[in-house]
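Have a look at the structure below, then the notes.
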Amino acid sequence: MGVLNVTPDSFSDGGRWADTDAALAHGRRLVAQGADLVDVGGESTRPGAVRPGTAEELDRVVPVVTGLAAAGVTVSVDTMRAEVAAAALAAGARVVNDVSGGLADPAVLDVVAGAGGDVVYVAMHWRAHADRMRDFAAYDGPGGVVGDVRRELGERLAAAVAAGVAEDRVVLDPGLGFAKTAEHNWALLGALAELDALGRPLLLGASRKSFLGRLLAVGSEPRPVDEREAAGVALSALAAAHGVWGLRVHDVRGTADALAVARRWREASAARTGAGTA
């Protein structure tokens with residue numbers, strides 16, 4: 001899933017693709033580099049971000065979704081708003097990537113349920129909007145952050161199904177970096193098998209995030225945003241080996257290269273195993 005932020009204030013590339021023509025060109029470039037999906041988002045969810053109005057988000061997102069879908073690109077819309085999700089689906093999007101899992105606007109679930117059986121709904125673990133989420137990074141239930149995220153994601157899955165979304169069209173995302181410290185993120189990555197127990201595929205969005213910058217810090221200075229790609233590619237390769245459904249990334253080419261190597265390695269290993277047991 002290639003990231004296409006059509007925002008002026010996203011943490012990693014805010015403003016670069018805010019112009020519709022530039023966004024369309026970048027979306028096509030992501031596909032050429034190996035993206036299976038292009039995730040178009042018109043609202044920054046970086047810590048501290050202020051939400052745009054609905055009309056502004058629609059103006060940012062719909063022309064880009066329309067253009068990419070018309071070009072044959074499989075488009076995901078990154079939104080928490082039912083009105084934006086509905087407009088994006090009408091414009092040709094096939095995935096609704098809702099970072100709030102239906103908590104910010106429960107009507108999103110009704111929009112997806114009414115859109116037909118081929119629309120995928122991604123429900124992320126979320127506790128509060130970007131300007132307040134740091135206040136909610138406490139996980140005191142049984143099992144700590146893993147137990148709480150698993151339970152709360154299970155609740156979002158149940159809510160989607162209750163609204164009429166087919167369970168086999170739901171993908172879950174543990175929400176790395178959303179109301180979570182670096183240690184919370186690593187704990188979740190180390191426990192993907194426990195999240196698999198929810199019975200739904202997983203999407204991971206770790207690309208360029210601050211916990212990677214802290215891991216690679218020199219002294220007290222985190223690695224800058226634009227120097228975290230290699231770490232993100234490594235994480236993606238490990239996540240793919242685990243079998244996640246999707247990887248939401250900025251560096252599509254590097255990730256696609258890593259996945260090609262991992263795939264070929266598995267094939268060679270399988271061939272060797274087969275030869276040894278024949």
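Residues to consider are 108, 77, 65; find the one that is of a type outside the set (Gly, Ala, Ser), surrounded by 23 or more Cβ atoms within 10 Å (Cβ to Cβ), free of Cβ contacts under 8 Å to residues at least 60 places away in the same chain and over 30 Å from residue 151 (Cβ atoms). Explain how you work it out, then say what you get.
Values: 108 fails: over 30 Å from residue 151 (Cβ atoms); 77 fails: over 30 Å from residue 151 (Cβ atoms).
Step by step, each of 108, 77, 65 is checked, and only 65 is of a type outside the set (Gly, Ala, Ser), surrounded by 23 or more Cβ atoms within 10 Å (Cβ to Cβ), free of Cβ contacts under 8 Å to residues at least 60 places away in the same chain and over 30 Å from residue 151 (Cβ atoms).
Okay, residues lined up against (1) free of Cβ contacts under 8 Å to residues at least 12 places away in the same chain; (2) not aliphatic (A, V, I, L, M):
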position	(1), (2)
223	yes, yes
229	no, yes
239	no, no
263	yes, yes
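Exactly one of (1) surrounded by 16 or more Cβ atoms within 10 Å (Cβ to Cβ); (2) free of Cβ contacts under 8 Å to residues at least 40 places away in the same chain is unmet by residue 251. Its number?
Evaluating residue 251 over (1) surrounded by 16 or more Cβ atoms within 10 Å (Cβ to Cβ); (2) free of Cβ contacts under 8 Å to residues at least 40 places away in the same chain leaves (2) as the failure.
So residue 138 fits all but one of (1) in a loop (DSSP other than H, G, I, E, B); (2) at pLDDT 95 or above; (3) in contact with a helix residue (DSSP H, G or I) (Cβ under 7 Å, 6 or more places away or on another chain); (4) of a type outside the set (Lys, Arg); what number is the exception?
The failed condition is (3).
Looking only at segment 95-119, which residues are under 19 Å from residue 195 (Cα atoms) and outside any loop (DSSP other than H, G, I, E, B)?
Listed by number, the residues that qualify are 97, 98.
Give me the residue from segment 34-55 that is in contact with a helix residue (DSSP H, G or I) (Cβ under 6 Å, 6 or more places away or on another chain) and free of Cβ contacts under 8 Å to residues at least 60 places away in the same chain and, out of that set, nearest to residue 245 (Cα to Cα).
Filtering segment 34-55 for residues that are in contact with a helix residue (DSSP H, G or I) (Cβ under 6 Å, 6 or more places away or on another chain) and free of Cβ contacts under 8 Å to residues at least 60 places away in the same chain, the one nearest to residue 245 (Cα to Cα) comes out as 38.
The values are calculated or read from the model by the stated rules, or taken from the named source; none is laboratory data. On a predicted model such as this, the values are computed, not experimentally measured, just so you know. Please note: Cβ atoms are built from the backbone with ideal geometry, for glycine as well, and neighbour counts cover all protein chains shown.
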